[in-house]
1. Output the qualifying pairs, or none if there are none: Cβ atoms under 8 angstrom, residues six or more apart or on different chains, first residue in the range 118-131 and in a helix (DSSP H, G or I), second residue exposed (fewer than 10 other Cβ atoms within 10 Å of the Cβ) and of a type in the set (K, R).
2. Only one residue in A90, A77, A96, A106 is of a type in the set (A, V, I, L, M) and either exposed (fewer than 11 other Cβ atoms within 10 Å of the Cβ) or at pLDDT below 80 (or both). Which one?
3. Of the numbered conditions (1) under 25 Å from R75 (Cβ atoms); (2) within 24 Å of the chain's Cα centre (by Cα); (3) not assigned by TED's automatic domain parsing to the domain that holds A73, A106 fails exactly one; give the number of that condition.
4. Take the range 60-86 and flag every residue that is over 22 Å from the mean Cα position of the chain (by Cα) and without any contact (Cβ under 8 Å) to a residue 12 or more places away in the chain.
Amino acid sequence: MASVHVQVRPAPGRLTDRVPAQGWFVVSAVFHYLGPAFAVLLFAQVDVLGVAWLRIATAGLVLAVLGGFSLSAVRRANARAIQRHSAALAAGESGAIRRLQYASLARDAGRAGGLTALGLACAWALAEPVAAMDRSTGLGLTLVALGCALSAAIGGAIRSAGRGPRLRWLGAGALVGLLAAALR
């Protein structure tokens, strides 16, 4: 059997190892004390809905950044696991393949659970400003959020499809789906 070779780039060093505990305290202070202070200062310049929009946009950016970092971390962990079990994979052990698959699913579920918990925490923190909005502003903000989510999903699908026949099939599937939705 041919050997399996997976190249894993070494991490340049974990951020938690490079930053001392005092640094994390400073970051925590910035987010917990200066963030609301800036929001209070913003009330003099921006109305309540503007501050709510800024809070929602910031939460979305934080989730997007953490989602990208966590996806990279899961991919690196999966690549390291494959490299550790390369001999078993080369031997064709079905148990090794099954264990790798289950471990990969568990890592992805942990990532999804963590991001979901973070999203729910952001939603809880933003519930009061959003509830204070009038109906048309809330609808507009909902449409903007849905548009952003849809554009991110489309961008991810296009990047995943790449070029060539896969991209053409993606386009054909999207057109058929739009046609089916329009004919309903």
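The values are calculated or read from the model by the stated rules, or taken from the named source; none is laboratory data. In this text the structure is predicted, and so the values were computed from the model without any measurement. A quick note on method: Cβ atoms are made from the backbone with ideal geometry, for glycine too, and the neighbour counts reach across all protein chains shown.
1. none
2. Of the residues listed, the single one that is of a type in the set (A, V, I, L, M) and either exposed (fewer than 11 other Cβ atoms within 10 Å of the Cβ) or at pLDDT below 80 (or both) is A106.
3. (3)
4. R84
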